[in-house]
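Let me begin by presenting the structure, written as structure tokens, before commenting on it.
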Amino acid sequence: MKPPRKLHIKSYGCQMNVYDAQRMVDTLARENFVETDRAEDADLVILNTCHIREKASEKVYSELGRMRLAKQARARDGRNMRIAVAGCVAQAEGEEIVRRAPVVDVVVGPQNYQNLPQLLARAERDGKAIETEFPAEDKFALLAQPRPAQIRARGISAFVTVQEGCDKFCTFCVVPYTRGAELSRPVVQIIDEAKRLADNGVRELTLIGQNVNAYHGEGPDGRNWPLGKLLHRLGEIPGLARLRYSTSHPRDVDDSLIAAHRDLPTLMPFVHLPVQSGSDRILSAMNRKHTVGDYLATIDRFRKARQDIAFSSDFIVGFPGESEQDFSATLALVMQIGYAAAYSFKYSPRPGTPAAEIEETVSAADMDERLVRLQQLIDSQQSAFNRAAIGTRVDVLFERAARNPGQIVGRTAYLQPAHVMASPEIIGQVLPVKIEGLKRYSLLGQLASSEFSRGNQPAASSVSIGA
Ligand code: 5AD
Ligand code: SF4
């Protein structure tokens, strides 16, 4: 056994990166690496990067500047620090990273994490190691799974990647280039991983993928299973109280997924369904493969299957060619749907994507102004959605102690944080909570059953919530 070494990993971007970071930690645990929160203590620092928008990749280079100083400080004490860049910037820029930041020892793309131990050995031998291939092997089968104690330490809510990559080629998006072609994991592999998580205390599972509802993994019957069928099977695993999935493409909402929402009480009625724009002209320029009408019809199918369903979405403002009229159509769509939450971004040209070749027509000032208007509208919808919970009883899955002593925090079906005064033994349980107030985006309330309550809940206005 190698002597213990310390690993610090910092992830940017999406949930896929969170999942990947955990698999890297689990894989390096086999080499006797243990995780540390402090980069300066680490023998190995991994920056798990995101390339989706400009700012995301710029952050990496400024972080590498800080790491260079940390590495120099360790060298003065006669200790080494290896620096690895993983994730989508690694995939997109490859050797360029080492040219721009010579402090980097290893560059590893998302399809190569199973080779991390060998890449580290190669860097020790040759100085640098760069791997950004798309190998044919099943990386998910080769990456280590977490040990039971590690699963417990990570808490009651877990992600499982079920599909990776994307074949949609929206004109603004780097994902088809950095994560590659759409690939679904076999059903049995996912079920085994989910059972292991449930056996070790996980109560909520979120299936993730760049285009998760394009899932079509091989089932035990030799046929390709759609996401809805996979969800039905996962619904049979004892202990899993809640199932979610993200991120969906409006075009891939099939009848199996709608049926899953109709039939499975454990499938949460909250769907992230990015639309990007409310203008058909812009949707077409984005190559989204759906119109506003298609999107509205899809929302309708979900609502018919489950009346309490709510939606979140992603929007891009200032795509090349977006007129004030196109933008108004986006606002109108948001008004029509009424979102529980949504993310909105300024368009950022990504090198190598078709949209990056189109001339930008929206000025920086107009883009800023459109973003503010959209975010104000979304914010008002989110606040209204949260306010509507006041006075109702909602089920909350409790996750952890809040920073405020005596408070426990959990989440509602719609991922709203909810705080109550209670004993920590409720962590991991789904319990009804009477919602009494709001503090920013958090709900405040009391357990509807008094069994676990700890003292009386102070008036909502006097409760300051934890993180
Ligand atoms: N510019 C701005 N936003 C983008 N997104 C993806 N690519 C870009 C880009 N080039 C947004 C989309 C997507 C979310 C993950 O990021 O809204 O749904
Ligand atoms: Fe990117 Fe479009 Fe694929 Fe989503 S569907 S990952 S936005 S190419």
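The values are calculated or read from the model by the stated rules, or taken from the named source; none is laboratory data. The model shown is predicted, which means the values in this text are computed figures rather than measured ones. Every residue, glycine among them, receives a Cβ derived from its backbone with ideal geometry; neighbour counts consider all protein chains shown.
Quick rundown of the values:
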quantity	calculated
Filtered residues of region 313-327 (kept if away from ligand 1 (no atom under 15 Å from the Cβ) and either within 25 Å of Arg301 (Cα to Cα) or assigned to a loop (DSSP other than H, G, I, E, B) (or both))	Ser323
Single unsatisfied condition, Ser461 versus (1) surrounded by fewer than 19 Cβ atoms within 10 Å (Cβ to Cβ); (2) in a helix (DSSP H, G or I); (3) of a type in the set (Gly, Ala, Ser); (4) modelled with pLDDT of 95 or more	(4)
Total residues in region 335-355, condition away from ligand 1 (no atom under 14 Å from the Cβ) and either modelled with pLDDT under 95 or under 24 Å from the mean Cα position of the chain (by Cα) (or both)	3
Candidates Glu359, Glu369, filtered to the one that is more than 16 Å from ligand 2 (Cβ to nearest atom) and in contact with a Pro (Cβ under 8 Å, 6 or more places away or on another chain)	Glu359
Tally of residues being touching a Lys or Arg at 6+ places or on another chain (Cβ under 8 Å) and either surrounded by 15 or more Cβ atoms within 10 Å (Cβ to Cβ) or assigned to a helix (DSSP H, G or I) (or both) across region 59-92	6
Members of region 179-217 found to be within 16 Å of ligand 1 (Cβ to nearest atom), more than 24 Å from Val89 (Cα to Cα) and not in a helix (DSSP H, G or I), listed by number	Thr206
Test: residue in region 115-132 that is in contact with an Asp or Glu (Cβ under 7 Å, 6 or more places away or on another chain), touching a residue at least 40 places away in the same chain (Cβ under 8 Å), within 16 Å of ligand 2 (Cβ to nearest atom) and farther than 25 Å from Val430 by Cα	no
Which numbered condition Gln210 misses (of (1) touching a helix residue (DSSP H, G or I) at 6+ places or on another chain (Cβ under 8 Å); (2) more than 11 Å from ligand 2 (Cβ to nearest atom))	(2)
Unique match (being more than 19 Å from Asn32 (Cα to Cα) and more than 21 Å from the chain's Cα centre (by Cα)) among Gly127, Gly180, Gly155	Gly127
Members of region 278-287 found to be within 12 Å of ligand 2 (Cβ to nearest atom) and part of a loop (DSSP other than H, G, I, E, B), listed by number	Met286, Asn287
